[in-house]
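Notes follow the structure.
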Amino acid sequence: MEKTEIITQNAPKPFGIFSQGIKAGKFLFISGQVAKDAVGQVIGKGDIKAQTRQCLENLKAVLQGGGATLEDVVKVTVFVADIRHLNAIHEVRAEYFQKPYPASTLVEISHFTDPHYLVEIEATAMI
């Protein structure tokens, strides 16, 4: 099966040895998106809703780079620094996803690569 790297200037560049996304067959695998804009500035420091929106905007940009939309997402994984933000995260996700909602996993973690990050979201889409 052929793999194709997804690259977009509308989302943050990877800081290490990974791709923004990979297209493999009918699937798009989108790397975890954090609350950084396309030029690398952290958005919404201390604001879980603003950070969740930025993560989802980045996710949307990478999906578009691979020829997909949020409607094509079948699975998301959400990493959060504080599980008490669950309701706020879901409020924002409801602005981006329609029923049937993607399958989802949410995990509370001890810390991110940048202490300003509150949430990270990765996704799998089918096109």
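Please tell me if Ile17 is β-branched (Val, Ile, Thr) and at pLDDT below 95. So that I can check it myself, show each step before the final result.
Details: β-branched (Val, Ile, Thr): yes; at pLDDT below 95: yes.
It is true that Ile17 is β-branched (Val, Ile, Thr) and at pLDDT below 95.
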Q) Taking the range 87-105, which residues are surrounded by fewer than 16 Cβ atoms within 10 Å (Cβ to Cβ) and not aromatic (Phe, Trp, Tyr)? A) Asn87, His90, Glu91, Ala94, Glu95, Gln98, Lys99, Pro100, Ala103, Ser104, Thr105
Q: Go through the residues of the range 88-104 one by one and say whether even a single one is without any contact (Cβ under 8 Å) to a residue 60 or more places away in the chain, hydrophobic (A, V, I, L, M, F, W, C), touching a helix residue (DSSP H, G or I) at 6+ places or on another chain (Cβ under 6 Å) and closer than 21 Å to Pro12 by Cβ.
A: yes
Q. Any residue at all in the range 40-60 that is under 14 Å from the mean Cα position of the chain (by Cα) and modelled with pLDDT under 95?
A. no
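Inspect the range 92-106 for any residue being aromatic (Phe, Trp, Tyr) and over 13 Å from the mean Cα position of the chain (by Cα) and give the result as yes or no.
Among the residues of the range 92-106, at least one is aromatic (Phe, Trp, Tyr) and over 13 Å from the mean Cα position of the chain (by Cα), which makes the answer yes.
Please enumerate the residues belonging to the range 40-75 that are β-branched (Val, Ile, Thr), free of Cβ contacts under 8 Å to residues at least 60 places away in the same chain and in contact with a helix residue (DSSP H, G or I) (Cβ under 8 Å, 6 or more places away or on another chain).
As a first pass, look at the range 40-75 and keep what is β-branched (Val, Ile, Thr): 42-43, 48, 52, 62, 69, 73-74.
With free of Cβ contacts under 8 Å to residues at least 60 places away in the same chain added as a condition, the list becomes 43, 62, 69, 73-74.
Residues satisfying the conditions are Ile43, Thr69, Val73.
Can you pull out the residues in the range 105-127 that are in a loop (DSSP other than H, G, I, E, B), closer than 17 Å to Phe15 by Cβ and either at pLDDT 95 or above or not β-branched (Val, Ile, Thr) (or both)? Explain how you work it out, then say what you get.
Restricting attention to the range 105-127, the residues satisfying the condition of being in a loop (DSSP other than H, G, I, E, B) are 109-118, 127.
Remaining after also requiring closer than 17 Å to Phe15 by Cβ: 111-117.
Of everything in the range 105-127, those that are in a loop (DSSP other than H, G, I, E, B), closer than 17 Å to Phe15 by Cβ and either at pLDDT 95 or above or not β-branched (Val, Ile, Thr) (or both) turn out to be His111, Phe112, Asp114, Pro115, His116, Tyr117.
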**Q.** Candidates Phe18, Phe79, Phe27, filtered to the one that is under 12 Å from the mean Cα position of the chain (by Cα), closer than 20 Å to Thr105 by Cβ, surrounded by fewer than 22 Cβ atoms within 10 Å (Cβ to Cβ) and not aliphatic (A, V, I, L, M)
**A.** Phe79
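Output the residue which, of all residues in the range 1-15 that are touching a strand residue (DSSP E or B) at 6+ places or on another chain (Cβ under 9 Å) and surrounded by 11 or more Cβ atoms within 10 Å (Cβ to Cβ), is farthest from Glu71 (Cα to Cα). Reasoning before the result, please.
Of all residues in the range 1-15, those touching a strand residue (DSSP E or B) at 6+ places or on another chain (Cβ under 9 Å) come to 1-8, 11-12, 14.
With the extra rule that they be surrounded by 11 or more Cβ atoms within 10 Å (Cβ to Cβ), the set shrinks to 4-8, 11-12, 14.
Working: Thr4: 21, Glu5: 21, Ile6: 18, Ile7: 20, Thr8: 19, Ala11: 19, Pro12: 22, Pro14: 24 Å.
My answer is Pro14.
The values are calculated or read from the model by the stated rules, or taken from the named source; none is laboratory data. Computed from a predicted structure; not experimentally measured. Note that each Cβ is placed from the backbone with ideal geometry, even for glycine, and that neighbours are counted across all protein chains shown.
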